[in-house]
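Everything on this sheet refers to the single structure shown next.
Please treat every number below as a calculation from the coordinates, not as lab data. The structure displayed is predicted, hence computed values, not measured ones. Positions of Cβ are backbone-derived with ideal geometry, glycine not excepted, and every protein chain shown enters the neighbour counts.
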Amino acid sequence: MKINGSVALVTGANRGLGAAFARGLLAAGAAKVYAAARDPASVTLPGVVPVRLDVTDPEQVAALASELTDVTLLVNNAGIGGSGPLLAPGAIDVLRRQIDTNAIGPLRLVQAFAPALAAHGGGAIVNIVSTLSWLTLPGATGTYSASKAAAWALGNGLRQELKAQSTELLAVHAAFIDTDMARGATGPKTSPDEIVRLTLAALEAGQPELLADEVTRGVHAGLTAEPPIYIGYGA
Ligand SMILES: NC(=O)c1ccc[n+]([C@@H]2O[C@H](COP(=O)([O-])OP(=O)(O)OC[C@H]3O[C@@H](n4cnc5c(N)ncnc54)[C@H](OP(=O)(O)O)[C@@H]3O)[C@@H](O)[C@H]2O)c1
């Protein structure tokens, strides 16, 4: 995947990591960046094309896909955090919203934009997942982790299916990123610009997966520890 000359669509591009992607893609020579947001007026970055998109709205997604037929790079970035104990009342409602936004949203976007990507020779998809695809912080991230685990698994399946049309799919796993979503978190945070820099390099290198920081690499290594990190953590 060459970023220079690509036509990118970034979801949730009005703030946080999505805004950093829009900026970084322009700086890396993307020919056009569609900056999708629930409220396109909240996109303030010069040089991008703001478009309206709520990733949980199937009609909006379908309409956008029939309009933006020149997309060669889809960045599935939009997501919602917030969680709490799985045993708390309300956890199922939170889970439904997070699955709809964080897991079904990216799947819906890939289904809708796969034909455009194929028509331009394959292109690429970036799915922003999380270190929390592999780990639950006790009493804190149960529903969010479940939604990101689903997003990760869906991405793995999509990568296999998209091979036939030469579309690459890069899953980006990161621990805390310094955005609104992680405002209350303590611990090391990576800057959004650094995540973008690493992601664009991984895309150009054709990597299927990016482990963006030390914490993520440690958690990944812990999957095969005894006990595995998802059982031992916080026990
Ligand atoms: N921050 C972290 O520590 C961290 C770590 C690992 C992975 N991630 C992932 O990184 C991605 C970006 O998050 P962030 O840190 O930049 O969070 P953020 O600052 O809270 O931004 C979230 C973005 O997603 C958009 N969004 C939420 N629901 C949407 C929907 N239904 N349709 C369209 N857009 C929607 C928001 O739009 P509005 O302005 O309209 O709300 C906003 O632009 C997410 O997938 C997140 O799970 C974050």
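Looking for something away from the ligand (no atom under 16 Å from the Cβ), crowded, with 22+ Cβ neighbours inside 10 Å and assigned to a loop (DSSP other than H, G, I, E, B) - is there at least one such residue anywhere in the range 163-176?
yes
Here are some residues: 114, 78, 19, 28. Which one is without any contact (Cβ under 8 Å) to a residue 60 or more places away in the chain and out of contact with any Phe, Trp or Tyr (no Cβ under 9 Å at 6 or more places or on another chain)? Before the answer, list the steps.
Numbers: 78 fails: without any contact (Cβ under 8 Å) to a residue 60 or more places away in the chain; 19 fails: without any contact (Cβ under 8 Å) to a residue 60 or more places away in the chain; 28 fails: without any contact (Cβ under 8 Å) to a residue 60 or more places away in the chain.
Testing whether each residue is without any contact (Cβ under 8 Å) to a residue 60 or more places away in the chain and out of contact with any Phe, Trp or Tyr (no Cβ under 9 Å at 6 or more places or on another chain) leaves just 114.
Looking only at residues in the range 23-47 that are over 22 Å from residue 203 (Cα atoms) and assigned to a helix (DSSP H, G or I), which one is nearest to the ligand (Cβ to nearest atom)?
Only one residue tops the list, namely 42.
Here are 38, 52, 23, 15: which of them is over 19 Å from residue 108 (Cβ atoms) and surrounded by fewer than 19 Cβ atoms within 10 Å (Cβ to Cβ)?
That would be 15, the only listed residue that is over 19 Å from residue 108 (Cβ atoms) and surrounded by fewer than 19 Cβ atoms within 10 Å (Cβ to Cβ).
When residue 145 is evaluated against the numbered criteria (1) surrounded by 19 or more Cβ atoms within 10 Å (Cβ to Cβ); (2) away from the ligand (no atom under 12 Å from the Cβ), which criterion, by number, is the only one it fails?
(2)
Out of 20, 13, which single residue is under 23 Å from residue 117 (Cβ atoms) and not in a helix (DSSP H, G or I)?
Just a single option satisfies the conditions, and that option is 13.
In the range 72-98, how many are buried (at least 20 other Cβ atoms within 10 Å of the Cβ) and away from the ligand (no atom under 16 Å from the Cβ)?
Number satisfying all stated conditions: 2.
Determine whether residue 105 is part of a helix (DSSP H, G or I), under 22 Å from residue 182 (Cα atoms), in contact (Cβ under 8 Å) with a residue 12 or more places away in the chain and touching a strand residue (DSSP E or B) at 6+ places or on another chain (Cβ under 9 Å).
So residue 105 fits the description; yes.
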